[in-house]
Amino acid sequence: MAGMSGLWLMVILVSWVPSAKMFQSTTMLDMAEVLLENYCFPENLAGMKEAIRQANQSEEILHVTEPHTLAAVLTAGVQGALNDPRLRISYEPGTSIQDPVTLPPLGPEMHLQLVQSSVRFEILDNNVGYLRIDHIIGAEMVKELGPILVESIWDHIVSTDALILDLRYSESGNISGVPFLISYFCEASNPIHIDSVYNRPSNSTMELWTLPSVLGERYSQDKDLLVLVSSNTQGVPEDVAYILKHLDRALLVGERTAGGSLNVQKFRIGTSDFFITVPLSRSISPITGQSWEVNGVFPVVLVSADRALEKATSILAIRKAVPGVIARISDLLRSYYTFVDHVPSLVRRISKLTASAVISEQDLAAKLNCELQAICEDPRLTIRVSAVPPRALAPSPSVDLASDASSLLHLLGSMFRVDILPGNIGYLRFDQFPGGALMPLLGPHLEDKVWVPLKDTSAMIVDLRFNTGGPSDAISLLLSPFQEQGPPVLFYTVYNRLSNTSQEFSTLPAPKGSLYGSERGVYVLTSHRTASAAEEFAYLMQSLKRATVIGEITSGTLHHSRSFPIGETNLIITIPFLNFLDNNGEYWLGAGVVPDAIVLAEEALEKTKEVMTFHANLFELVEEAANLLNTYYAMPEVAAQVSSVLHAKRLAGWYRSVVDSESLASQLTRDLKEAAADHRLQVFCSMSAPEPPEEAPESIPSPEELGGILRALFKVEVLPGNVGYLRFDLMAGADTIRVIGPQLLEQVWNKLVDTESLVIDMRYNVGGYSTAIPILCSYFFAPQPLHHLYTVFDQPSSTRTQIWTMPKVLGQRYSPEKDIYILTSHITGSAAETFTRAMMDLKRATVVGEPTIGGALSIGTYRMAHSDLYMAIPNQVVLSSVSGKVWSVSGAEPHVPVQANEALQVALGIVRLRAKIPGIVRTAGELVAANYASAEGGALVAEHLTHLLSQDQYSGINSEAELALKLSAHLHHLSGDKHLRVAHIPENRKDHIPGVVPMPIPPPEMFEDLIKFSFQTKVFDNTVGYLRFDMFIDLEHITQVSDLMVQHVWNKIANTTALIVDLRYNIGGPTSAIPLLCSYFFEDGRPVLLDRVYNRPTDTISELWTVPHVAGERYGSGRQLILLTSNFTSGAAEEFVFVMKRLGRAVVVGELTSGGCHPPQAYHVDDTQLYLSIPTVRSSNPDGASWEGTGVTPHLEVAAETALEKARDILRSHFHGAS
């Protein structure tokens, strides 16, 4: 790409070369030289100089006579080629570039005046520091003026609570001063690499790091730093802003910066009057890997430069207010929030909000809302920004409580409108809920003026479209007439946080003439104006299953909350102090009521008439669904249960929410599937009767179509290892199979019949005809005896049909001795699923993949009455030939569950494993025969394993882990030795192979802590010592830490009068340390033969003797020694107990030990992940005494939990007798 940039630049330049007088070709080469030597991206210029030389020979030269135009054209070309707007070519006749004049050094006073002219500071309100820097001074000037600047400026700022650094007017600086400025805002502990600056003329890179020390104090990391930037901020000041932003140390406020450079210079091009401006250096941030040059620095808070200071101060103000805001919200939540149990979590959550992350009141409100909702999920609890303070709830309009009957009747007439619509439909409209004080007066008149005129209507419309609500007191009174006479019905419960009380609202006593009952249809009309108590009424009628709601979503305006201002901010929090629980015990959190039929408010009445017409046939449709189920569903007992559920739901009003055929179909489908636990049941809507699949006759292909069908339906392949692969994605019918049989044999079956095993891929087979299943299955069984595959029960005809294999098939059968593998997926269904289940039931195939779809052999579609609704019902079920039970509707569970896309590879892995199993079992037998501690027993085990192999005891193994379990069970049964076993150790657990991977040695610094943790010592009364350790470690490890063990363990018990060694929890370990341990309990100078050990792999007997030298003092043979055991005591611990008991050196108290073995050896079995654990060593004494497999019997058998106390009693008696 760099080469292309150079070539493109060459083309641009050459295309615009003027006559020799104006811009000679040598001048172009001079310009290339300037760029190559000075441009800070030299990699973009590769090949440019040579390309210009070659291009000079081109005759396609366009003469431009005006030099300024030429400069502009060249600038556009260079900038476009290198994508760098800082490169500029200008024509400046008579201009000369002079070397900078060396001025005499300025004195400290002049330097100070210059610096002070570019630096301004002040302390703003709320102790906010303001520091404006218009020029970044370099390192030399910092060293010279640093103490003065710290004293006169910085010391005033460092104690402020927050700082605004203003770089809006800063257009220059020295890069060497950047680390000094940045360091004041960073910690001193770890220097930070903040920038890398590459300089092209010197071809060097300078790294900038924060300083370990600065003059004066650093600005605390806990204090906010805001940096103001503008489009004028350029060069080194941009670098400062960029670094602070990406160190997450400052918030940038203002405009996008200029996108300048650290170092830009102008060069004359050769001897011409053309000049080129070139950036010499570039900054690459080690933090982001990018640069601010050209693109500029983007502020986090984007505002115009003239408003940046105002915005920054407002940000600091809101940040300062955050602790107070959180405290105020916490107090309000504790006092008012109705979900009291959520309050501690809410308070903890918002207390973690970081003030430095807030940039505005709107941002704070959003963050607080996010934190609150993460805990409570309560839409009523909200924080918003508003310049208008919250208003108290307006009291309900006062009503003149006239007591005379005429006034009350007039008031009643103005509040309630009653009418009888065509079709004997009652209509009740009221636009306001009367208050609690008014209801007792109006109550007696409601019966005559409202309920009596409506009591004989066929259905009722309650119009709340214009009802703006009011107090909730009257809700129970208005709900009660829509219930039946009987026990009270709980409508809702209100919990009031302010009074900490709960109040239940139920049906109220009403004259019999006031009851409308619960059988007739009620339709509640709503609009977006429906609010407060009217919403509650609509919500309860809907949740009580007493009405169908039609219209618009209600306003969601409930009187359950209060709003409070938060401190001096414009934040307002709304907190619900009431909880509204409906009759189902569910909280209503105040969202608007969603109608069952959503239409515009003005269309609600017309829509109601449509719904009423539909509801007229609703009873018949629900009952028809139950009748169809009872008639056709293939599981009659389930059909009866589901019918009862549908009937109960209809009576309970569950179907009032359905408003058309689509919603009824959806509701019935949910109810059917839930009640029957059968996903195949479905109700759907159709304008025309669907054609049942079984009515479509099976199409018999013509001879011309046959070849294409075979190629399309069947995929045949013989895989490595002579494994057959057959995939077909559709189950053809028996008639089709008979017609295409000869061609099927020739093109498909004969290619597979001689393979060693067969994989049948049904992952993409969604089913088809089941009539060919007996034919297909028969190829995998012997001709005799016939095998019962399954039974089909057909509900419409009440018949049972048994499906059997066939005695004769066309062509050769697949040997019953060969393995079959069936691959399945979640779309394997219908007849494909039936084939799979039959093969599974008869244990003829191993199924690998995903659970099948759980489909049906036959699903009938039946019309519901004379409607546009249809019901899909499985009218046949398949009964297992083995159990006689109906196959589960949840699908066939594979033997080896894996993702469908992995099934083939897993199946092939099982094929390879099964091919290796005979060799694996023989290898295991050989290893046992050659290495088992009992040579006779090992030979017997190997012989029996061979016999089991010949009896197919290892057929059907699907994994190495399964093989390990089965082989271990056989080894244990044949040898009676639980330590002779096989383990499956995957690749990622190879570091845990016992007997192969050595135990890791901890670092020396851990030894002391490990010893203190692993050994427990005590001294009881009569100076009886107690030592407990739960594992034996290798002699090599003990030797390394012998001095530490003597210091921290042995010296604490060495001088006791008797010793109890607790081995009840000791799991054993290496036996190499047993001679050393035993030696402590015998006298020095007299070697004692402890045991003889036979090693089978080497066929040698070795003797274990006490050792002549031990670390520390011996305990000797004269003091009492008691060993505690349990049935958990194992391995090396048993060997120690066995030796000490046999030699008469210790009294053993406790339980019979576990009967373990010497540490077994692990042997890798062939090229598997199986490891055979074999006890290779056993005790071998002339008297035949041993503990392996049988355990050590104590002198005194007691329960393990009482063994310690029993040992202490023995020693007490001993000391008492001695005294």
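The values are calculated or read from the model by the stated rules, or taken from the named source; none is laboratory data. Every value quoted in this text rests on a predicted model; they were computed, and no experiment measured them. Cβ: placed from backbone, ideal geometry, glycine included. Neighbour counts: every protein chain shown. These area figures cover heavy atoms from the full protein model, side chains too; ligands, DNA and RNA do not enter into them. Shrake-Rupley method; radii C 1.70, N 1.55, O 1.52, S 1.80 Å.
Descriptive notes on the structure:
- Residues of the range 835-856 that turn out to be outside any loop (DSSP other than H, G, I, E, B), open to solvent by 30 Å² or more (accessible area, probe 1.4 Å) and in contact with a His (Cβ under 9 Å, 6 or more places away or on another chain), as a count: 1
- Only one entry of 1063, 1010 meets the criterion of being at pLDDT 90 or above, within 55 Å of the chain's Cα centre (by Cα) and not hydroxyl-bearing (Ser, Thr, Tyr), and that entry is 1063.
- Scanning the range 738-763 for residues that are of a type in the set (D, E, K, R) and open to solvent by 70 Å² or more (accessible area, probe 1.4 Å) yields 738, 746, 751, 754, 756.
- Residues (under 23 Å from residue 543 (Cα atoms), open to solvent by less than 40 Å² (accessible area, probe 1.4 Å) and not in a helix (DSSP H, G or I)) located in the range 622-671: 653, 658, 659
- Annotation: residue 92 fulfils all but one of (1) at pLDDT 85 or above; (2) closer than 30 Å to residue 159 by Cα; (3) more than 60 Å from the chain's Cα centre (by Cα); the unmet one is (2).
- Qualifying residues in the range 1117-1127 (those that are open to solvent by 10 Å² or more (accessible area, probe 1.4 Å) and in contact with a Ser or Thr (Cβ under 7 Å, 6 or more places away or on another chain)) - the one nearest to residue 1031 (Cα to Cα): 1127
- Of the residues making up the range 780-830, just one is touching a Phe, Trp or Tyr at 6+ places or on another chain (Cβ under 6 Å), surrounded by fewer than 16 Cβ atoms within 10 Å (Cβ to Cβ) and of a type in the set (A, V, I, L, M, F, W, C), namely 786.
Every residue, every condition in (1) surrounded by 15 or more Cβ atoms within 10 Å (Cβ to Cβ); (2) in contact (Cβ under 8 Å) with a residue 24 or more places away in the chain; (3) not small (Gly, Ala, Ser), yes or no:
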position	(1), (2), (3)
904	yes, yes, yes
908	yes, yes, yes
911	yes, yes, yes
923	yes, yes, yes
929	yes, no, no
934	yes, yes, no
943	no, no, yes
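- Conditions (1) modelled with pLDDT of 85 or more; (2) of a type in the set (A, V, I, L, M); (3) part of a helix (DSSP H, G or I): number failed by residue 420: (3)
- Counting only strands (runs of 3 or more DSSP E) that fall entirely inside the range 227-340 and contain at least 2 residues that are open to solvent by 50 Å² or more (accessible area, probe 1.4 Å), the qualifying elements are 264-268.
- Condition met for residue 388 (at pLDDT 90 or above, not in a helix (DSSP H, G or I) and not basic (Lys, Arg)): no
- Against the conditions (1) closer than 30 Å to residue 38 by Cβ; (2) surrounded by 14 or more Cβ atoms within 10 Å (Cβ to Cβ); (3) at pLDDT 85 or above, residue 77 satisfies every one except (3).
Here's the yes/no breakdown for (1) at pLDDT below 65; (2) surrounded by 14 or more Cβ atoms within 10 Å (Cβ to Cβ); (3) polar (S, T, N, Q); (4) in the same structural domain as residue 575 (by the TED database):
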| site | (1), (2), (3), (4) |
| --- | --- |
| 382 | no, yes, yes, no |
| 394 | yes, no, no, no |
| 426 | no, yes, no, yes |
| 433 | no, yes, no, yes |
| 438 | no, yes, no, yes |
| 455 | no, yes, no, yes |
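- Flag if residue 585 is within 25 Å of residue 459 (Cβ to Cβ), at pLDDT below 95 and not assigned by the TED database to the domain that holds residue 347: no
- Pairs meeting the criteria (first residue in the range 712-726 and open to solvent by less than 40 Å² (accessible area, probe 1.4 Å), second residue in a strand (DSSP E or B) and among the charged types (D, E, K, R), beta carbons under 6 Å, at least 6 apart or on different chains) are 725/717.
- Looking only at the range 505-550, and only at residues there that are charged (D, E, K, R) and at pLDDT 90 or above, the one that is surrounded by the most Cβ atoms within 10 Å (Cβ to Cβ): 536
Okay, residues lined up against (1) within 24 Å of residue 1098 (Cα to Cα); (2) in a loop (DSSP other than H, G, I, E, B); (3) open to solvent by less than 30 Å² (accessible area, probe 1.4 Å); (4) not assigned by the TED database to the domain that holds residue 1035:
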position: 1115; (1), (2), (3), (4): no, yes, yes, no
position: 1129; (1), (2), (3), (4): no, yes, yes, no
position: 1136; (1), (2), (3), (4): yes, no, yes, no
position: 1140; (1), (2), (3), (4): no, no, yes, no
position: 1152; (1), (2), (3), (4): no, yes, no, no
position: 1183; (1), (2), (3), (4): yes, yes, no, yes
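- Conditions (1) more than 34 Å from the chain's Cα centre (by Cα); (2) closer than 23 Å to residue 386 by Cβ; (3) open to solvent by 10 Å² or more (accessible area, probe 1.4 Å); number of the one not met by residue 553: (2)
- The residues in the range 857-875 that are modelled with pLDDT under 90 and open to solvent by 40 Å² or more (accessible area, probe 1.4 Å) can be counted, and the count is 2.
- Condition check for residue 683: hydrophobic (A, V, I, L, M, F, W, C), part of a helix (DSSP H, G or I), at pLDDT 90 or above and open to solvent by less than 80 Å² (accessible area, probe 1.4 Å): no
- Residue in the range 286-334 that is nearest to residue 358 (Cα to Cα), counting only those that are of a type in the set (Ser, Thr, Tyr) and free of Cβ contacts under 8 Å to residues at least 60 places away in the same chain: 314
- Screening the range 129-211 for strands (runs of 3 or more DSSP E) wholly inside it with 2 or more residues that are buried (at least 22 other Cβ atoms within 10 Å of the Cβ) and either under 50 Å from the mean Cα position of the chain (by Cα) or not small (Gly, Ala, Ser) (or both) returns the ranges 162-166, 193-199.
- Residues (on the phi > 0 side of the Ramachandran plot and either in a strand (DSSP E or B) or not small (Gly, Ala, Ser) (or both)) located in the range 1080-1113: 1099
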